[in-house]
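Chemist: This is the structure I have questions about; it appears just below.
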Amino acid sequence: MDTQSALLAHLADRAGRSVPVSRTLVRAWEMSGVQRIGFAHGPDLIFKWAREPFTGEADVLWNLLVQGVPVPEVFASVVRDGVLGMLMEDLGEPVRSATVEDAVTAALRVHAAKPVDGLPVVDRAVLAALPGRALDRLAELRAAGRWTDTGGLDDPLMALADHADRLSAGAELAPYGLCQSEFHPTSLHVGADGWRLLDWARAFVGPGLLDLASWQGTQEAADPASLRRLIRDYVRAGGPVETERPRAGVLAEEWALGWHRLWITVWYLDQSVVWMPDPARDVFAASVVGRHVEEARRLLWAP
């Protein structure tokens, strides 16, 4: 029996369910996957598996459920050999796509929640270290004979590193606390009975502006004007007024998008070195990193 099947059988037993009779893929990538599980008796459930560093999601979901934050209910979970398995409620298909109004409502609930113990902290010092971490990862990749044609990344990252301490000022202004980190329209499920926020595997404690910046995703060029409108709506709906305050002499929306791009840059580099060290992905990953680094330098006004 493969690892996923063994996890599912264990979870079904713990949840008091019979042997699954069907498994339908919802989505999957190298580090996690989601399936809809059918049983002979009772409603379908969702089976989610994830490998490190995503193995703490069940604890976050249980904590948030106790606080009344709308998230999927977890019926059973287990971590075996560095792989998390969760059996969760099936929310079904959304009745509509999430809107900006939904994003504001969800962000306010998340940022008002008590942070979960043990989550990573992204404070000013952590932000300021990001450009240096990126340069260190690049050095590791090049020492292994990879990313050898990415010399164009050095100057912008060094410029950001030289000014990172100054540019990270304001990181701990409100909203500062629990962040979901994968705050995208596809993570906000709107059903007939309301909304639920999915995908908490990378939750952290840090600037809520990073959540707001992530709403527009990273597939297209950063859109400060769109984020400015989201921040305005967030404050008008009850978010802290400091959300709109410039940081390090940079407009709030540009500061948020710039640091979000650097945070994503380090995540891609960490994947390439540690979590998915597949040279076949290097061309794609390097192109994403290059675009994000240039956007970060421009948005943060680094020389």
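Chemist: Between residues in segment 283-303 that are in contact (Cβ under 8 Å) with a residue 12 or more places away in the chain and within 15 Å of Asp270 (Cα to Cα) and residues that are crowded, with 21+ Cβ neighbours inside 10 Å and of a type in the set (Gly, Ala, Ser), which pairs lie under 6 Å by C-beta distance while being six or more apart or on different chains?
Modeler: What qualifies is Ala285/Ser272.
The rows are residues; the columns are (1) outside any helix (DSSP H, G or I); (2) within 21 Å of the chain's Cα centre (by Cα).
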| site | (1), (2) |
| --- | --- |
| Leu127 | no, yes |
| Arg142 | no, no |
| Leu157 | no, no |
| Ala169 | yes, no |
| Ala174 | yes, yes |
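Chemist: Okay, next question. Are there any pairs, at least 6 apart or on different chains, whose C-beta atoms fall under 6 Å, with the first in segment 228-253 and in contact (Cβ under 8 Å) with a residue 40 or more places away in the chain and more than 14 Å from Ala213 (Cβ to Cβ) and the second of a type outside the set (D, E, K, R) and not in a helix (DSSP H, G or I), and if so, which?
Modeler: If the second residue must be of a type outside the set (D, E, K, R) and not in a helix (DSSP H, G or I), the pairs left are Pro240/Ala174; Pro240/Pro175; Glu242/Leu173; Glu242/Ala174; Ala248/Ala169; Ala248/Gly170.
Chemist: To continue, here is another question. Could you tell me how many of the residues in segment 29-58 are of a type outside the set (A, V, I, L, M, F, W, C) and either closer than 15 Å to Gly82 by Cα or outside the structural domain of Arg80 (by TED's automatic domain parsing) (or both)? Working first, answer last.
Modeler: To start, the set of residues in segment 29-58 that are of a type outside the set (A, V, I, L, M, F, W, C) comprises 30, 32-33, 35-36, 38, 41-44, 48, 51-53, 55-57.
Narrowing the set further to residues that are either closer than 15 Å to Gly82 by Cα or outside the structural domain of Arg80 (by TED's automatic domain parsing) (or both) leaves 30, 32-33, 48, 51-53, 55-57.
Total satisfying the criteria: 10.
Chemist: Moving to a separate point now. Under 7 Å by Cβ, and 6 or more places apart or on different chains, what pairs join a residue from segment 134-154 that is at pLDDT 95 or above with one that is buried (at least 16 other Cβ atoms within 10 Å of the Cβ) and among the polar types (S, T, N, Q)?
Modeler: Listed pairs, sorted by first residue: Ala134/Thr265; Leu138/Thr150; Leu141/Ser272.
Chemist: Scan segment 256-277 and report the pairs whose first residue is among the hydroxyl-bearing types (Ser, Thr, Tyr) and whose second residue is part of a helix (DSSP H, G or I), with Cβ atoms within less than 6 Å and a gap of 6+ or a chain change.
Modeler: Thr265/Ala134; Thr265/Val289; Thr265/His292; Thr265/Val293; Tyr268/Ala285; Tyr268/Val288; Tyr268/Val289; Ser272/Ala285
Chemist: Further question on the same structure: Just need a number here: residues in segment 144-155 that are over 19 Å from Leu257 (Cα atoms) and in a helix (DSSP H, G or I). Full working, then the answer.
Modeler: From segment 144-155, those over 19 Å from Leu257 (Cα atoms) are 144-152, 154-155; that's our starting set.
Filter again for in a helix (DSSP H, G or I), leaving 151-152, 154-155.
The number of residues fulfilling the criteria is 4.
Chemist: Still on this structure, I have one more. State yes or no: is Arg291 surrounded by 15 or more Cβ atoms within 10 Å (Cβ to Cβ), assigned to a helix (DSSP H, G or I) and either modelled with pLDDT under 95 or among the basic types (Lys, Arg) (or both)? Before the answer, list the steps.
Modeler: Values: surrounded by 15 or more Cβ atoms within 10 Å (Cβ to Cβ): yes; assigned to a helix (DSSP H, G or I): yes; either modelled with pLDDT under 95 or among the basic types (Lys, Arg) (or both): yes.
For Arg291, the condition - surrounded by 15 or more Cβ atoms within 10 Å (Cβ to Cβ), assigned to a helix (DSSP H, G or I) and either modelled with pLDDT under 95 or among the basic types (Lys, Arg) (or both) - is met.
Chemist: Okay, moving on. Among what's in segment 70-101 and is over 21 Å from Ala50 (Cβ atoms) and of a type in the set (A, V, I, L, M), pick the residue that is surrounded by the most Cβ atoms within 10 Å (Cβ to Cβ).
Modeler: Ala98
Chemist: Still on this model: Taking segment 44-61 as the region of interest, how many residues are surrounded by fewer than 18 Cβ atoms within 10 Å (Cβ to Cβ) and over 18 Å from the mean Cα position of the chain (by Cα)? It would help to see each step written out before you state the result.
Modeler: Taking segment 44-61 first, the residues surrounded by fewer than 18 Cβ atoms within 10 Å (Cβ to Cβ) are 44, 51-53.
Imposing the further condition that a residue be over 18 Å from the mean Cα position of the chain (by Cα) reduces the set to 44.
Residues flagged as surrounded by fewer than 18 Cβ atoms within 10 Å (Cβ to Cβ) and over 18 Å from the mean Cα position of the chain (by Cα) within segment 44-61 amount to 1.
Chemist: Still on this structure, I have one more. Which residues, taken from segment 102-119, are surrounded by fewer than 14 Cβ atoms within 10 Å (Cβ to Cβ) and out of contact with any Asp or Glu (no Cβ under 8 Å at 6 or more places or on another chain)? Please lay out each step first, then the result.
Modeler: Step one: filter segment 102-119 for residues surrounded by fewer than 14 Cβ atoms within 10 Å (Cβ to Cβ), giving 114, 117-118.
Those that are surrounded by fewer than 14 Cβ atoms within 10 Å (Cβ to Cβ) and out of contact with any Asp or Glu (no Cβ under 8 Å at 6 or more places or on another chain): Lys114, Asp117.
The values are calculated or read from the model by the stated rules, or taken from the named source; none is laboratory data. Please read these numbers as outputs of a predicted model, since none were measured by experiment. Note: ideal-geometry Cβ built from the backbone for every residue, glycine included; neighbour counts use all protein chains shown.
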